[in-house]
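To keep things clear, I will list the structure first and then write my remarks on it.
Quick note: the coordinates plus some simple rules give every number you see, no bench work behind them. Given the structure is predicted, the values throughout are model-derived calculations rather than measurements. Every residue, glycine as well, gets a Cβ built from its backbone with ideal geometry; the counts of neighbours run over all protein chains shown.
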Amino acid sequence: MRTILQETISTQRKILVNLLKQPLSELVLELAPDISNTVRLESHLHEAFPVFQHCKYLYIMDKCGVQITQTILAHSSDSKSLGRDRSKRPYMQHDFSVDNFSLSEAYISKHNKRPSVTAIHVIKDSRQKLIGYLGVDYDLRELPGTNHLYKESLKWQQIKGDPAIRSGLFAQQRMQSDMDTNIDNVLALMQALICEHGIFHGKFHFSSSRTTIWLFDDPYNYRLLSMNELNDPDICLAYPRHPYSKLAKVPESAIPEIFEYFKQLRFADETIYLRAGSINVVNGMISLNFSCDGSHYLPYQEFLDKGMGFWFGTEEIEPFQYDDIIETICARGCDYVYNLINQHRQGNHSEEVKNIPLIEQDKIMKELEAIMQVYSHT
């Protein structure tokens, strides 16, 4: 399935193709008769440069992909790449026997180390025989038609974390942090800041006992609040009163329920627990980072609808189904179980659990490890 980001990129490429294809096809007709005359070729490129007002460089290659002209710039030329073999560069890998024109995917330029794209048009003689290539290089910063802002998908996304953290998952246990001890007060304070003092994005770092906040009135800077500030309700005096924004997708009434779920996810299990959680009331997104270093991004209503059952397996996967899965795995022998646990720690998932949410997989692996510890002591 194509993502919104891919569709945005595709749209911008179509805009650029429409701007380039016709003028390039006209220019190569002028170049073909002079393909053996470097001076004339460079003169054509200098004259044509204003037509390609957004481009960085123009140059011509022979039929083998070797540059036969200087690199033409807006007001000068550069001989450093004369004779350079460009045949192995990404923009020359197109099948030009099918299409005379190609716009490359973005790549990092060899010399300037800048994200770039290159348009290539085949040069043919009067008998339609390949005699060279015209190249037009663009720096992505200077491309036309790329001013449409990409909008992030508002669908649930699940992202794997650091395999090194997952490898030690079952050897760890939640440690009571200062924020855990004062969690009700911290949640109440953050609710007040969001609902009454213009905070549109707040993130709880439960394990390290801090929060980061972003304000409507100063969105380009974030504030870091330690437990010293979070334990002092006077902190609200540092932020002027601000009515709950009409831009917010999250209704004000939903915030206490969201925070309550954060609290439940933090304390529900001593091995698999919420390490950090955030809310952005404007785009309506919730982010969750668990002790297994798995991260989730999802709309607030979907988060509320899933409830605790989704995260800890009491709804989508009933206990008897867990038992069936564990029994199936154990029936394949101790070596298989040990290997499965080790593979899971590295982020690889077996057929038995691959379609189960990561946090539920972790619960199954925790149970399997407990079983194997029993066997190892018998």
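Which members of segment 236-268 meet the condition of being in contact with a helix residue (DSSP H, G or I) (Cβ under 7 Å, 6 or more places away or on another chain) and of a type in the set (Asp, Glu)?
Selection gives Glu252, Glu257.
When you scan segment 91-105, how many residues do you find that are more than 12 Å from Tyr133 (Cβ to Cβ) and crowded, with 16+ Cβ neighbours inside 10 Å? Give the derivation first.
At the first step, the residues of segment 91-105 found to be more than 12 Å from Tyr133 (Cβ to Cβ) are 93, 95, 97-99, 103-105.
In the following step, the residues that additionally are crowded, with 16+ Cβ neighbours inside 10 Å were identified as 103-104.
Selection size over segment 91-105: 2.
Please specify each residue of segment 27-55 satisfying the condition of being more than 16 Å from Leu82 (Cβ to Cβ) and either assigned to a loop (DSSP other than H, G, I, E, B) or touching a Phe, Trp or Tyr at 6+ places or on another chain (Cβ under 7 Å) (or both).
Within segment 27-55, Gln53, His54, Cys55 qualify.
For every residue, the table says whether it meets (1) among the β-branched types (Val, Ile, Thr); (2) free of Cβ contacts under 8 Å to residues at least 60 places away in the same chain; (3) farther than 18 Å from Tyr133 by Cα.
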{"residue": "Thr11", "(1), (2), (3)": "yes, no, yes"}
{"residue": "Lys14", "(1), (2), (3)": "no, yes, yes"}
{"residue": "Leu19", "(1), (2), (3)": "no, no, yes"}
{"residue": "Leu31", "(1), (2), (3)": "no, no, no"}
{"residue": "Thr38", "(1), (2), (3)": "yes, yes, no"}
{"residue": "Ser43", "(1), (2), (3)": "no, yes, no"}
{"residue": "Phe49", "(1), (2), (3)": "no, yes, no"}
{"residue": "Tyr107", "(1), (2), (3)": "no, yes, yes"}
{"residue": "Lys110", "(1), (2), (3)": "no, yes, yes"}
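Residues in segment 81-100: is at least one farther than 15 Å from Val136 by Cβ, touching a residue at least 12 places away in the same chain (Cβ under 8 Å) and part of a strand (DSSP E or B)?
yes
Check off (1) crowded, with 18+ Cβ neighbours inside 10 Å; (2) out of contact with any Lys or Arg (no Cβ under 8 Å at 6 or more places or on another chain) for Leu215 and give me the number that stays unchecked.
Leu215 satisfies every listed condition except (2).
If a residue has to be free of Cβ contacts under 8 Å to residues at least 12 places away in the same chain and not polar (S, T, N, Q) to count, how many in segment 185-221 make the cut?
Going through segment 185-221, the residues free of Cβ contacts under 8 Å to residues at least 12 places away in the same chain turn out to be 188, 218, 220-221.
Cutting the leftovers down to not polar (S, T, N, Q) gives us 188, 218, 220.
Total meeting the criteria: 3.
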